[in-house]
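Accompanying notes for the structure given below.
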Ligand code: ATP
Ligand code: MG
């Protein structure tokens, strides 16, 4: 039991969720390591959503609202930390979810599917019993995607994606929205819109923003996207981190 008045309560609570998800077969062991890398960046970013994360969320919401075939990709860490919020976002936008695992096993896919359905998910793709299509530029099992899901999608929201897959998805013409605490990861650098924030804050912010923008006209939504500069946004996150290092914000 972690005490609520512990100064690292929130961080320790997330860590406990990650360990539980590993024990329950939702998360691969390497997912725990990925979480540790995320924690370090979150610490440096001040463990709160920055102004530039909010700008990226706004552009992401606009892209999802304008998309013809949007999809939300879910990996083990996302399923471990925010299964309820992912389902809420999917239902709010009325778009499907695809299970997309780096270390894929049938058992883990089934467990994540059940978890999402228990939270009220309607369409869950990426299971073992559906038509697959191969993403060009990738080899082996990682090239596989659901024919009706990521393969067909024009806009893909993919938190914590692997760098190779992110690069291939962008090369295949998709508008890629990622959530990644590391502004220097290949995924962060290649994506069209990178939300440098923790998924536990980014997904709820995205839900609120989608609701706020849901009545906005298409021209304005297009403007929000064209005013957004991903490189500049990533640089702002790096500046925030460097201030921590130089002690400027002590
Ligand atoms: P790349 O392959 O893109 O260069 P990587 O190898 O650094 O990235 P992976 O191990 O593929 O990274 O994926 C883990 C990524 O997810 C890390 O960049 C980490 O910062 C990020 N991450 C971990 N936990 C969270 C979280 N809760 N919210 C957002 N990002 C997270
Ligand atoms: Mg990687």
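Observations, loosely collected:
- Restricted to region 28-46, and to residues there that are more than 16 Å from ligand 2 (Cβ to nearest atom) and touching a helix residue (DSSP H, G or I) at 6+ places or on another chain (Cβ under 7 Å), the residue that is farthest from residue 242 (Cα to Cα) is 39.
- Identity of the residue in region 167-187, touching a strand residue (DSSP E or B) at 6+ places or on another chain (Cβ under 7 Å) and within 6 Å of ligand 1 (Cβ to nearest atom), that ends up farthest from residue 40 (Cα to Cα): 187
- Condition met for residue 90 (more than 16 Å from ligand 2 (Cβ to nearest atom), closer than 27 Å to residue 62 by Cα and touching a strand residue (DSSP E or B) at 6+ places or on another chain (Cβ under 9 Å)): yes
- For region 157-166, the tally of residues that are assigned to a loop (DSSP other than H, G, I, E, B) and either within 9 Å of ligand 1 (Cβ to nearest atom) or surrounded by fewer than 19 Cβ atoms within 10 Å (Cβ to Cβ) (or both) stands at 4.
- Selection status of residue 204, surrounded by fewer than 18 Cβ atoms within 10 Å (Cβ to Cβ), under 14 Å from the mean Cα position of the chain (by Cα) and either on the phi < 0 side of the Ramachandran plot or within 16 Å of ligand 2 (Cβ to nearest atom) (or both): yes
- Residue 53 being surrounded by 19 or more Cβ atoms within 10 Å (Cβ to Cβ) and either part of a loop (DSSP other than H, G, I, E, B) or away from ligand 2 (no atom under 16 Å from the Cβ) (or both): yes
- Only listed residue being away from ligand 2 (no atom under 16 Å from the Cβ), part of a helix (DSSP H, G or I) and crowded, with 23+ Cβ neighbours inside 10 Å, chosen from 16, 60: 60
- Among the residues of region 106-156, the one identified as in contact with a helix residue (DSSP H, G or I) (Cβ under 8 Å, 6 or more places away or on another chain), assigned to a strand (DSSP E or B) and farther than 25 Å from residue 206 by Cβ is 134.
- Looking only at region 188-226, and only at residues there that are within 14 Å of ligand 1 (Cβ to nearest atom) and in a loop (DSSP other than H, G, I, E, B), the one that is nearest to residue 11 (Cα to Cα): 198
- Extreme residue, surrounded by the most Cβ atoms within 10 Å (Cβ to Cβ), among residues of region 172-195 that are under 14 Å from the mean Cα position of the chain (by Cα) and more than 16 Å from ligand 2 (Cβ to nearest atom): 195
Read-outs throughout are calculated quantities, based only on the coordinates presented, and are distinct from any laboratory measurement. Just so it is clear, the structure is predicted and the values come from calculations on it, not from any experiment. Heads up, the Cβs are rebuilt from the backbone with ideal geometry, glycines too, and the neighbour counts pull from every protein chain shown.
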